[in-house]
1. What is the one condition in (1) open to solvent by 50 Å² or more (accessible area, probe 1.4 Å); (2) within 21 Å of residue 169 (Cβ to Cβ) that residue 35 does not satisfy?
2. As an exercise: evaluate residue 7 against (1) in contact (Cβ under 8 Å) with a residue 40 or more places away in the chain; (2) away from the ligand (no atom under 16 Å from the Cβ) and give the number of the one condition it does not meet.
3. Is there a residue being assigned to a loop (DSSP other than H, G, I, E, B), more than 16 Å from the ligand (Cβ to nearest atom) and of a type outside the set (S, T, N, Q) anywhere in segment 17-29?
4. Restricting the search to segment 20-39, which residues are touching a strand residue (DSSP E or B) at 6+ places or on another chain (Cβ under 8 Å) and over 21 Å from residue 137 (Cα atoms)?
5. Which members of segment 50-76 meet the condition of being polar (S, T, N, Q) and away from the ligand (no atom under 16 Å from the Cβ)?
6. Going by what's in this entry, would residue 81 be described as touching a Gly at 6+ places or on another chain (Cβ under 8 Å) and loosely packed, with under 15 Cβ neighbours inside 10 Å?
7. Give the residue that is modelled with the highest pLDDT, with candidates limited to residues of segment 85-112 that are part of a loop (DSSP other than H, G, I, E, B) and more than 9 Å from the ligand (Cβ to nearest atom).
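The values are calculated or read from the model by the stated rules, or taken from the named source; none is laboratory data. The structure presented is a predicted model; accordingly, all values stated were derived computationally and were not measured. Neighbour counts are summed over all protein chains in view; Cβ atoms, including those assigned to glycine, are modelled from backbone coordinates with ideal geometry. Remember, those area values only see protein heavy atoms, side chains included, never the ligands or the DNA or RNA. Shrake-Rupley method; radii C 1.70, N 1.55, O 1.52, S 1.80 Å.
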Amino acid sequence: LVNSILDMARIEAGRYELQFGDVDFAKLANTCLAMVKPAAANKGVRLENLISKPLVAPHVDESAAKQILLNLLSNAVKFTTPDGVVSIRGSNGEGGVDIAISDTGIGIRPEDLPRIGQPFQQIDASFTRQHGGAGLGLSISRKLVELHGGTLTIESELGVGTTVTVRFPSPQ
Ligand code: ADP
C-alpha cells in the first residue's frame, strides 16, 4: 500500500523518471505470468499467453510496463472464480502496440465503469470485502501508460468478464 501511494505521489509530482527503450512484450508477459502463477494455481485459474512471437515496442520503460502488466494480471486473477481463464494478447498496429488482458471473472457493472480506475475506487470498498488491495492499481497503471502518451481502456460485462487494453503508441 505504501509503495502504491509513493508511486502515485511520484507520478503526480512529475518525478517518475522513465527510461525508454525496446521492450519485448512476449518475454515480459511470460515473466509477469510466472509471477502471478502461484496465485492463479491456488484458485484454479488458468493462465494463457497468446503472444506467440516476439512483440517489440520501441520507446517503452520496461519497469513501468512490468508494473502495469503485473497490476492488470493480478486484478484479473483476483476477480476470476475457479475454473476461469486469464489471458494476455498483443498486437502491433499503426497506432502502436496494444496489450490486452482478459478474464472470465465477475465483471464490472456499466454504472460502475466510469469511476473504476480513479484513485481509491473499488466496487466493494467495505471493510468486509473479500479481495485485498487499496484501489490504486488501475489508476497507477493508467497514469504510467499515459506517461508514454498511451491509453488504458476497460471493457467489461457483469458475470462474463473484463478486458483491459493498454496502448503504447508508436513514437512520432
Ligand atoms: P484494487 O485491485 O487494489 O482494489 P484497482 O485500482 O486495481 O485496485 O481496482 C479497482 C477496482 O476495480 C477493484 O477493487 C475492482 O472492484 C475493480 N476491478 C479491477 N479489475 C477488475 C477485473 N479484472 N474484474 C472485475 N473487477 C475489477
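1. (2)
2. (2)
3. Within segment 17-29, the first condition is being assigned to a loop (DSSP other than H, G, I, E, B), and the residues that meet it are 17-19.
Filter once more, keeping what is more than 16 Å from the ligand (Cβ to nearest atom): 17-19.
Checking the rest, the ones that are also of a type outside the set (S, T, N, Q) come to 17-18.
Yes: one or more hits.
4. Passing the criteria: 20, 21, 22, 23, 24, 26.
5. 52, 63
6. Criteria met by residue 81.
7. 104
This table checks each residue for (1) open to solvent by 70 Å² or more (accessible area, probe 1.4 Å); (2) modelled with pLDDT of 95 or more; (3) among the hydroxyl-bearing types (Ser, Thr, Tyr); (4) part of a loop (DSSP other than H, G, I, E, B).
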site: 114; (1), (2), (3), (4): yes, no, no, no
site: 123; (1), (2), (3), (4): yes, no, no, yes
site: 127; (1), (2), (3), (4): yes, no, no, yes
site: 139; (1), (2), (3), (4): no, no, yes, no
site: 143; (1), (2), (3), (4): no, no, no, no
site: 149; (1), (2), (3), (4): no, yes, no, yes
site: 162; (1), (2), (3), (4): no, yes, yes, no
site: 165; (1), (2), (3), (4): no, yes, yes, no
